[in-house]
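Read through the structure below, which is laid out as structure tokens, and then see the notes.
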Amino acid sequence: MSHILPAADSALSSKLLVVESDPGAVNAIRSFCNDHGLTGLRVGGDNVLQVLASNVDLGGVTIAEKLDGIDGVSLGLRIRALRPELPIFLRRDARVGLDDLPERAREAFATAYTLDDIAALKPEIDRCIFGMVYPNRLVRGIAEITAQALECQFKGLDVTIKSPYVVRDRLIFGELFTLIPIESSWCRGYMMLQTEEGSLQRLIAEGRTYADEAEAADFRSVNMVLGEITNLVWGAFKNRYRAEDDSAALYLSQVPIVVNHAHRYISFGSTDPQLCFRCVLTDPTDPELPPVVIHQRFVFNLNWSPEDFRENEVSVDNLVACGDLEMF
Amino acid sequence: MAQILVVDDSSTVRNEVGNFLKANGFDVAYAVDGRDGLVKLKADPAVKLVVCDVNMPNLDGLTMAEKVRGELGNNAVSIVMLTTENSPAMKERGKAAGVKGWIVKPFNGAAVLGSFMKLVGV
């Protein structure tokens, strides 16, 4: 059975990390969050960096200028260094604005506000966190598609799709994720599914999936389960949201890319050998400088027909050096 | 000799479909993609039915179906696509390649068992 929480029909929410030591301020910010689609998560200045190192799915951070024994501006700069993708809002006691702060601090904070004028935070929240419009019908439809895909891949489990939200952070959840392109005339990008390997492995061992229970210890079985869910959601998304006459709908086969961090493993579906180049960057004048190694791989997993290989003939006259402006 | 060849890059789907078919008395063989499917079908031309995914690495299912008819010259085997794809254009391509049926995933064995039995001739 699947459940899609009613809030999936309403406006999206987001999580705001609230770094505060003043209970009065916490209450005021919490009230603001409740009124504006945010979930406030309070954390103290002494452990915010540890929380941020692992906390996923955040939309932003608000931090007080003065915390108990801690300078909020300095801490904000450290937060910025740790999680540059998160907008940080500075709560000040009196002065509104950032003009009196050093340039580095002015760049680190998205805006400043006071409790007396907390409403001024709203346009900044809208700009930084709710800047992209996701139509409700699309959000609801994705929830339905996903619920159906999960329901048919697991035996005897309830599927609950919780209220959708927007995130700004870039942390990966769990050890295992899949990636597949989503393309149409109105959108282009990727869908990712992320999970913890161990929890999925347990379900395989318990016979709750269609993977072979005897192979639960083989992490590739876990990869396959998440890969098939990805495939089902991807297919249903295309069938529901891509018009048949969409020029981007010209048939191009895709398979999920599966990444398992715990095993440093990435699968493109094919087991064929990959063309790999190892590039090493060194400084000839500085032998002490550790070399930088870049691995480049070409993975022709969807089609490889070397018999049709051809190279465009380009005359020297037509060559344009890299960086040159080519006029037409 | 297998009666049904299940071609899918997902071992989860191969297990799900294969176990259902075996439980209903069919002999089942497996291939992991379209390229492997061609090899298996060439080695065992007595296969009566191919249940085949569309999106697979190395060789997709529709191209495989075309090669079954063209390169292998096997016009006897029935091919049914089992896929997330639902586009009329793809179905038309499948029809042109002699595909007999199209199932949009997820797989529901009970709904297709009767048709499979007819296609295999049991």
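The values are calculated or read from the model by the stated rules, or taken from the named source; none is laboratory data. As the structure is a computational prediction, the values presented were derived from the model and not from experiment. Neighbour counts run over all protein chains shown; Cβ positions are idealised from the backbone, glycine included. Accessible surface areas use protein heavy atoms only, side chains included; no ligands, DNA or RNA. Shrake-Rupley method; radii C 1.70, N 1.55, O 1.52, S 1.80 Å.
Structure values in brief
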| item | result |
| --- | --- |
| Rounded to 5, the percent of DSSP beta bridges in the stretch A:13-128 classed as antiparallel | 10 |
| FRET efficiency, A:Val133 to A:Thr160 (Cβ-Cβ, R0 22 Å, nearest 0.05) | 0.30 |
| GluC sites (Glu not before Pro) within the stretch B:16-99, DSSP loop, no more than 12 other Cβ atoms inside 10 Å | B:Glu71 |
| Gaussian network model of chain A, Cα within-10 Å springs - most flexible of A:Leu281, A:Leu58, A:Leu150 | A:Leu281 |
| With all protein chains modelled, accessible area of A:His3 [1.4 Å, Å²] | 70 |
| Whole-Å distance, taken between Cα centres, linking the stretch A:60-126 and the stretch A:170-193 | 31 |
| Average accessible area per residue (Å²) across chain B - probe 1.4 Å, nucleic acids and ligands excluded | 40 |
| Lys/Arg +1, Asp/Glu -1 at C-beta; chain B dipole; positive extreme among B:Gly121, B:Asn24, B:Leu38 | B:Gly121 |
| Under DSSP loop assignment and at most 14 Cβ neighbours within 10 Å, longest trypsin sites (Lys or Arg not before Pro)-free interval of chain A | A:1-94 |
| Chain A: antiparallel DSSP beta bridges as a percent of all, rounded to 5 | 50 |
| Built amide H within the under 5 Å cut-off of A:Leu17, gap 5+ | A:Leu41, A:Gly59, A:Gly60, A:Val61, A:Thr62 |
| Three-way shape call for chain B based on the alpha-carbon gyration tensor, with the a/c threshold at 1.5 | rounded |
| Charge dipole (the stretch A:136-321, unit charges on Cβ, about Cα centre) - positive-most of A:Trp186, A:Leu232, A:Tyr165 | A:Tyr165 |
| HN-Hα J in Hz across the stretch A:161-174 - Karplus 6.51, -1.76, 1.60, θ = phi - 60°, x for Gly and Pro | 9, 6, 4, x, 8, 10, 10, 10, 6, 10, 6, 8, 8, x |
| Residue-averaged beta-carbon neighbours from other chains (10 angstrom radius) around A:32-39 | 0 |
| Residue-level accessible surface for A:Leu302, protein heavy atoms, 1.4 Å, Å² | 50 |
| Candidates per GluC sites (Glu not before Pro) in the stretch A:23-123, loop by DSSP, up to 13 other Cβ within 10 Å | A:Glu85 |
| GluC sites (Glu not before Pro) restricted to the stretch A:114-222 and DSSP loop, no more than 15 other C-beta within 10 Å | A:Glu196, A:Glu206 |
| Other protein chain Cβ atoms within 10 Å, averaged over every residue that makes up A:151-164 | 1 |
| Estimated vicinal HN-Hα couplings, Hz - the stretch B:93-105 in sequence order (Karplus 6.51, -1.76, 1.60; Gly, Pro = x) | 4, x, 4, 4, 8, x, 5, 8, x, 9, 10, 8, 4 |
| Projected label distance in nm at A:Cys187 and A:Arg170, using a 7 Å step from Cα toward the beta-carbon | 2.2 |
| In degrees, nearest ten, helix A:72-82 long axis to first principal axis of chain A (Cα) | 0 |
| For B:Val7, distant residues with modelled amide H under 5 Å away | B:Ala31, B:Val51, B:Cys52, B:Asp53 |
| Peptide B:10-21 - average C-beta neighbours from other chains (10 Å radius) | 6 |
| Estimated [θ] at 222 nm from DSSP helical runs (n ≥ 4, -39500 (n - 2.57)) normalised by residues in chain A, nearest 500 | -9000 deg cm²/dmol |
| Neighbourhood net charge (11 Å Cβ-Cβ; Lys/Arg +1, Asp/Glu -1) for B:Ser78 | +3 |
| Amide proton proximity set for A:Leu67, modelled H, under 5 Å, gap of 5+ | A:Gly72 |
| Cross-link pairs A:Lys238/B:Lys22; A:Lys238/B:Lys67; A:Lys15/A:Lys238; B:Lys40/B:Lys67; A:Lys238/B:Lys42; B:Lys42/B:Lys100 - those with Cα-Cα distance over 22 Å | A:Lys238/B:Lys22; A:Lys238/B:Lys67; A:Lys15/A:Lys238; A:Lys238/B:Lys42 |
| Karplus (6.51, -1.76, 1.60) ³J(HN,Hα), θ = phi - 60°, over the stretch B:19-33, in Hz, Gly and Pro reported as x | 5, 5, 5, 4, 4, 9, x, 8, 8, 10, 10, 10, 9, 8, 6 |
| Computed [θ] at 222 nm, deg cm²/dmol, chain B (DSSP H ≥ 4; -39,500 (n - 2.57); rounded to nearest 500) | -13000 deg cm²/dmol |
| Shape category assigned to the stretch A:13-128 from the gyration tensor of Cα positions, a/c cut at 1.5 | rounded |
